[in-house]
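Have a look at this one before I ask anything.
The values are calculated or read from the model by the stated rules, or taken from the named source; none is laboratory data. Not measured: the values here are computed from a predicted model. Cβ atoms come from the backbone with ideal geometry, glycine included; neighbour counts cover every protein chain shown.
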Amino acid sequence: MTALAVGPQPTWSAAAASAARRLAAVTAAGGLLGLLVGGVGGRMAMMLLARLNPDATGVISDDGFTMGQFTADTLDLLVTGTILGVLGGGIYFVLRGLMIGPRWFQVLSVSVGPAVVVGSQIVHTGGVDFTLDPPLLAIALFVLIPGIYAALLTVLAERWLNGVGPFATSRSWIAALPLLLWLPIAPLLGMLVVGLAACEAVRRTSRGSVLLAHPAGRWLVRGALFALFAVCLVDLVQHAVIVA
């Protein structure tokens with residue numbers, strides 16, 4: 001639980017500048033890992049499945065990408081992975097304060113949660129993606145990818161959020177450059193900024209600061225996230241049983 005601030009609060013401009021630097025750090029980490037883990041990793045997973053299923057080489061996946069071949073679709077996959085990584089970074093930026101327990105548990109919970117939630121949205125019983133042999137390998141790969149992304153994100157983002165890191169010490173305009181990665185999904189960035197501004201406005205009131213600091217609110221959000229995890233886990237298991 002974060003202690004209540006003592007003494008004068010930072011000005012709105014100072015608070016906004018600090019938030020922008022921190023969001024830029026998480027955005028850079030999310031975009032980079034989205035490119036490498038989601039984009040490159042996703043392409044490698046499809047290549048592996050195509051090698052194990054030669055008849056699937058050249059087949060269009062359910063997401064519109066060509067399996068087993070490096071085509072123009074590869075660039076689309078890398079861009080898509082980067083954008084999704086940026087979005088994941090934004091989600092992590094909002095929820096990182098909810099992490100509890102020792103560091104190993106934080107990394108484990110941050111990785112398993114997205115692996116199950118995202119995996120439940122990816123794994124389905126129709127189409128061609130999960131009709132390849134062995135079917136459980138395809139499921140494992142596309143559950144593992146978001147899990148690895150999230151685990152690495154919490155490590156890299158926290159390193160870049162360090163008070164002596166490059167995003168804290170470089171010039172403001174340089175530190176903010178990664179925020180340009182939000183341009184393809186600018187409306188979501190706008191929603192995030194509005195939400196952060198609203199929370200800051202509430203925090204600056206005496207009653208609001210007490211409410212935001214109360215542990216009950218955080219445990220309520222944790223409970224909602226756990227419920228989402230449980231529902232997605234059941235859905236993922238059901239789809240895996242059908243596919244297998």
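Being in contact with a Gly (Cβ under 8 Å, 6 or more places away or on another chain) and of a type in the set (G, A, S) narrows it down to one of A186, A157, so name that one.
It is A157.
Taking the stated definitions as given, is A230 under 19 Å from the mean Cα position of the chain (by Cα), of a type outside the set (V, I, T) and either loosely packed, with under 12 Cβ neighbours inside 10 Å or not in a helix (DSSP H, G or I) (or both)?
For A230, the condition - under 19 Å from the mean Cα position of the chain (by Cα), of a type outside the set (V, I, T) and either loosely packed, with under 12 Cβ neighbours inside 10 Å or not in a helix (DSSP H, G or I) (or both) - is met.
Further question: From L192, L212, L179, L196, grab the single residue that is under 18 Å from A15 (Cα atoms), surrounded by 14 or more Cβ atoms within 10 Å (Cβ to Cβ) and in contact with a Gly (Cβ under 6 Å, 6 or more places away or on another chain).
L192
On the given criteria, is A150 modelled with pLDDT of 95 or more, crowded, with 19+ Cβ neighbours inside 10 Å and either part of a helix (DSSP H, G or I) or on the phi < 0 side of the Ramachandran plot (or both)?
For A150, the condition - modelled with pLDDT of 95 or more, crowded, with 19+ Cβ neighbours inside 10 Å and either part of a helix (DSSP H, G or I) or on the phi < 0 side of the Ramachandran plot (or both) - is met.
Going residue by residue through the range 21-36, is there one that turns out to be more than 16 Å from the chain's Cα centre (by Cα) and at pLDDT 90 or above?
Within the range 21-36, one or more residues are more than 16 Å from the chain's Cα centre (by Cα) and at pLDDT 90 or above.
Tell me which residues, restricted to the range 164-191, are touching a residue at least 40 places away in the same chain (Cβ under 8 Å) and among the β-branched types (V, I, T).
I185, the sole residue that qualifies.
Report, ordered by the first and then the second residue, all pairs with beta carbons closer than 8 Å, sequence separation of six or more or different chains, a first member in the range 217-244 that is over 26 Å from L137 (Cα atoms) and without any contact (Cβ under 8 Å) to a residue 40 or more places away in the chain, and a second member that is polar (S, T, N, Q) and loosely packed, with under 12 Cβ neighbours inside 10 Å.
none
Any idea which of L75, L95 is in a helix (DSSP H, G or I), free of Cβ contacts under 8 Å to residues at least 12 places away in the same chain and surrounded by fewer than 17 Cβ atoms within 10 Å (Cβ to Cβ)?
Only one candidate passes the filter, namely L75.
If you don't mind, there's one more thing I want to ask. On the given criteria, is R96 more than 16 Å from the chain's Cα centre (by Cα) and basic (K, R)?
Answer is no for this residue.
Which condition does N162 not pass, out of (1) modelled with pLDDT under 90; (2) surrounded by fewer than 16 Cβ atoms within 10 Å (Cβ to Cβ); (3) in a helix (DSSP H, G or I), if it passes all the others?
Checking N162 against (1) modelled with pLDDT under 90; (2) surrounded by fewer than 16 Cβ atoms within 10 Å (Cβ to Cβ); (3) in a helix (DSSP H, G or I), the one that fails is (3).
In addition: Restricting the first residue to the range 13-31 and requiring it to be surrounded by fewer than 24 Cβ atoms within 10 Å (Cβ to Cβ) and of a type in the set (D, E, K, R), which pairs with a second residue that is part of a helix (DSSP H, G or I) and modelled with pLDDT of 95 or more meet a Cβ separation below 8 Å and a spacing of at least six or different chains?
Pairs that qualify, where the first residue is surrounded by fewer than 24 Cβ atoms within 10 Å (Cβ to Cβ) and of a type in the set (D, E, K, R) and the partner is part of a helix (DSSP H, G or I) and modelled with pLDDT of 95 or more, are R22/F93.
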